[in-house]
Amino acid sequence: MISRNFRQTGTALAATLALLAGPFAQPVAAQQRQDTPSLEDLIPDSAVENPEEWASQGVPAADEADAEEQVPLAADAPLAEMPMITVPWPEEIALPQLAPLETEEDIEFVQFEDEIPRVRTGSEERISEELVLVFPNDRSLFPQRDEFLERFESLSTVEEYDDEGNIARLAVQAREDEALLAELLRVYGYFDAQLIRSVGDIEQTVETDLDPPAVRFDIIPGNRYTVGAIDLGNLQAAGDQYESLRRAYDIQVGDPISLDEIEAEQFDLDRALGESGFPFATIDAPSLLVDHDRDEGDITMPVEPGGRYRLGEVISSDPEFLSSRHLTRIARWDEGDIYRRSDELDLRRAMLATGLLGSVELTPIVVQEPTETEPGVVDIQADLTKAPLRTLAGSIGYGTEEGIRLEGSWEHRNLFPPEGMLRVRGIAGTQEQLLGVTFQKNNFYGRDRIFAVDAFATTIDTDAYDAETVSLVARYERLSTLLFQKPFSWGTGFELVYTNEAEAKVKGQKSSSIEYLIGALPSFVQFDTSDSLLDPTEGFRIRASVSPEISRVFESNSTYLKTQFDLATYQEVSDGVVLAARARLGSIIGADLAAIAPSRRLYAGGGGSVRGYGYQSIGPTNALGTPNGGRSLVEASVEARIDTGFMDGAVSVVPFVDAGTVSRSTTPTFDDIRFGAGVGVRYETGFGPLRVDVAVPLNKREEDSWVAVYVGLGQAF
């Protein structure tokens, strides 16, 4: 077994040597192969039979003698003959001479010191502990640096995902931020910009001391490309409107390239076309062809203006629900006006604001084609989708002095088309009960005009008086709404009132009731520059109201003029802090106090007046301290509306101070001014702030509560 294995090993070794020698040896003659001893011939039979004993015999004597005669070879001694190697030595080979290359004069070699300068001594901008950008010291080479930094910081992946000390994460994020920087540089027109990225233990400088690992970008912006050719398609087909439309596209040849501006000017030109009478204009997305030889980019934006048109009528898809005549009336254009897209959008908003429609689709329809000298005519086709027309609503309020107030209503907003509403409402409260019916026509013979007739019966029980009243009120007015806040509003109307009222004479008891028959012509005007009806932060409001009235009592008539002036102003003094202030002046001129029904007199106190005091509790009183109203009024309030940032900015706190006085005379005497102060909380609901105010009277009287709470919707003023 041992000899077989040994022979097999020797045979395998010989085969391996033969394979290795194969590629390098030339074929030899058969006789030469026969003279060459094989591996088996070199191994004696005694070594095969007993290899241990054979190996212990050592080297044969003849071999030992030969070994003693051997001497070390010199390094330059010639090699012995190797008959098996037939390949000639290199020095024996005659190599052909190569022809010399011709010199090429136009080859330019890159000088890296010039083409890729290091900005190690540039101006460094530290974004975070892990990120720094380096710009050239000369800011004129990249004047957009501040805006560029702000945009990059908001998009940087290194800045967004922070895992301190993770070099692998930094390396991945650095590659993404490098691509982002390159893209932002192209946005500003730097198409040959170069970036040098360093990640890890970056070289620290005097200006910026970053602990490794960190990411650093050296930015060489290069030249900013300019606008070359501008191709606006078929814009010249706009005729005499071409010059104004071309000015609207505010990019000229030679301007620095800005991809932001190219996109913005597309929308500016589209808006100008829509406002200049081109309802069918089309604009394709712009393209920019960059030429690196010229450092320029050519802009191509296909424009087809289409024809120019004037406006005709509005055509309703459901004339029985909302007639074409009614829709044309509420549009802000006259027939024959040049088409403006803003007028079309405004009409759509107005139609949705009626509350009668769930959706509206407006489409210009050609009625008359334009000619070379005259615009054509388009009607506006209005496709209507009805909204639910009936509404059941309710609200609840509470004041410590006024008590609970529950109010509910049902209405049908188009019971008498077009826009003829019928509403039934009721109030159940601690001090007031009411039942009324209202008929109202919106957009009545004009946009945003309201005609309404209101009939109601009410009972009021306050500390000042009790009243049982039946009223018929008609008004015609132009009001602001949440969708259309108007700088100028007005209203006028008339009132017929029958009321049976009794003043408080003894605590807990009323005097004999007195019947009043009153006719009034109330009117108002208001100028409003505020930025919101429910939660203004800037601007002011001025409102003046006047109501000439005649009152019949005890078989005699009395006439008087009731006036009131309101001013409110709002100013954002810092981020999240708004100061608001208001003042109110009122006066009744022309009649004695006794000839004026208690419900028509002037009062102060309560959540919309002087907080900290009861409803209508400020003013002249009888011998028992019960208020009975006056003929002049002065109120003032100051509050700070402070955003807390809590719940994503939905909650704010409002410290406030109020003051007010009421006098029996027609001009204020300021004999008894009441002050209240407190703090409120506002919660933004999406359609207006929910208000909770807690106030205390600063110069409290014996009959005043020590604290008052008010709940409502919207700011106090």
*Scan the range 452-473 for residues that are closer than 20 Å to ARG413 by Cβ and surrounded by fewer than 17 Cβ atoms within 10 Å (Cβ to Cβ) and jot them down.*
VAL453, ALA455
*Go through the range 270-303 and give me each residue that's under 32 Å from the mean Cα position of the chain (by Cα) and among the acidic types (Asp, Glu).*
ASP270, GLU275, ASP284
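From the list ILE380, ILE427, which residue is in contact (Cβ under 8 Å) with a residue 12 or more places away in the chain and either under 39 Å from the mean Cα position of the chain (by Cα) or in the same structural domain as ARG341 (by TED's automatic domain parsing) (or both)?
Of the residues listed, the single one that is in contact (Cβ under 8 Å) with a residue 12 or more places away in the chain and either under 39 Å from the mean Cα position of the chain (by Cα) or in the same structural domain as ARG341 (by TED's automatic domain parsing) (or both) is ILE380.
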*Answer yes if at least one residue in the range 350-368 is more than 30 Å from PRO417 (Cβ to Cβ), modelled with pLDDT under 95 and small (Gly, Ala, Ser), and no otherwise.*
no
*Can we say ILE588 is touching a residue at least 60 places away in the same chain (Cβ under 8 Å), buried (at least 21 other Cβ atoms within 10 Å of the Cβ) and under 17 Å from GLU495 (Cβ atoms)?*
yes
*asked:* I'd like to know if the range 323-336 contains one or more residues that are touching a residue at least 24 places away in the same chain (Cβ under 8 Å), in the same structural domain as VAL366 (by TED's automatic domain parsing) and basic (Lys, Arg).
replied: yes
*asked:* Give me the helices (runs of 4 or more DSSP H) completely within the range 89-173, filtered to those with at least 3 residues that are at pLDDT 70 or above and touching an Asp or Glu at 6+ places or on another chain (Cβ under 9 Å), ordered by residue number.
replied: 145-155, 157-160
*If we scan the range 182-189, do we find a residue that is modelled with pLDDT under 90 and among the β-branched types (Val, Ile, Thr)?*
no
_in the same structural domain as GLY619 (by TED's automatic domain parsing), assigned to a loop (DSSP other than H, G, I, E, B) and in contact with an Asp or Glu (Cβ under 8 Å, 6 or more places away or on another chain): which single residue out of GLY649, GLY678 fits that description?_
GLY649
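Considering ARG340, ARG349, which residue is over 21 Å from ALA281 (Cα atoms) and touching a residue at least 60 places away in the same chain (Cβ under 8 Å)?
Within the list ARG340, ARG349, the selection yields ARG349.
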_Residues to consider are ASP270, ASP231, ASP240; find the one that is within 30 Å of GLY312 (Cα to Cα), of a type in the set (D, E, K, R) and at pLDDT 95 or above._
ASP270
*Just to be sure, is GLY420 over 36 Å from the mean Cα position of the chain (by Cα) and surrounded by fewer than 17 Cβ atoms within 10 Å (Cβ to Cβ)?*
yes
_Answer residue from the range 619-631, given it is surrounded by 21 or more Cβ atoms within 10 Å (Cβ to Cβ) and in a strand (DSSP E or B) and is modelled with the highest pLDDT among those_ = GLY630
*Determine whether THR492 is hydroxyl-bearing (Ser, Thr, Tyr), modelled with pLDDT under 95 and under 28 Å from ASN414 (Cα atoms).*
no
_Some residue of the range 664-675 being small (Gly, Ala, Ser) and either modelled with pLDDT under 90 or not in a loop (DSSP other than H, G, I, E, B) (or both)_ = no
*Restricting attention to the range 371-388, and to residues there that are more than 22 Å from THR354 (Cα to Cα) and at pLDDT 95 or above, which single residue is surrounded by the most Cβ atoms within 10 Å (Cβ to Cβ)?*
VAL378
*Collect the residues in the range 682-699 that are farther than 20 Å from ILE404 by Cα and surrounded by fewer than 16 Cβ atoms within 10 Å (Cβ to Cβ), keeping them in residue-number order.*
TYR683, THR685, GLY686, PHE687, LEU698, ASN699
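From the list LEU406, LEU392, LEU435, which one is modelled with pLDDT of 95 or more and either over 27 Å from TYR476 (Cβ atoms) or of a type outside the set (S, T, N, Q) (or both)?
LEU435
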*Among what's in the range 214-248 and is among the polar types (S, T, N, Q) and part of a helix (DSSP H, G or I), pick the residue that is nearest to PHE148 (Cα to Cα).*
SER244
*Before we move on, is LEU567 more than 35 Å from the chain's Cα centre (by Cα) and within 18 Å of PRO668 (Cα to Cα)?*
no
_Can you tell me which of (1) at pLDDT below 90; (2) assigned to a helix (DSSP H, G or I) is the one GLU178 doesn't meet?_
(1)
*asked:* Within the range 299-313, does at least one residue satisfy the condition of being among the small types (Gly, Ala, Ser), at pLDDT below 95 and closer than 19 Å to GLY446 by Cβ?
replied: no
*Look at the range 249-281 and say how many of its residues are without any contact (Cβ under 8 Å) to a residue 40 or more places away in the chain and in a helix (DSSP H, G or I).*
12
*Which condition number in (1) at positive phi; (2) of a type outside the set (Phe, Trp, Tyr); (3) not in a loop (DSSP other than H, G, I, E, B) is the one that GLN616 fails?*
(3)
*Those residues of the range 127-161 which are of a type in the set (S, T, N, Q) and more than 18 Å from PRO221 (Cα to Cα), in sequence order*: SER128, SER154, SER156, THR157
_Failed criterion for VAL638 (all others in (1) among the aliphatic types (A, V, I, L, M); (2) within 23 Å of ALA677 (Cβ to Cβ); (3) at pLDDT below 95 hold)_ = (3)
*Could you grab me the full set of residues in the range 295-331 that are touching a Lys or Arg at 6+ places or on another chain (Cβ under 8 Å), within 28 Å of ARG271 (Cα to Cα) and surrounded by fewer than 19 Cβ atoms within 10 Å (Cβ to Cβ)?*
ARG329
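The values are calculated or read from the model by the stated rules, or taken from the named source; none is laboratory data. All figures in this text were calculated on a predicted structure; none of them were measured in a lab. Using ideal geometry, Cβ is built from the backbone for each residue, glycine included, and neighbour counts are taken over all protein chains shown.
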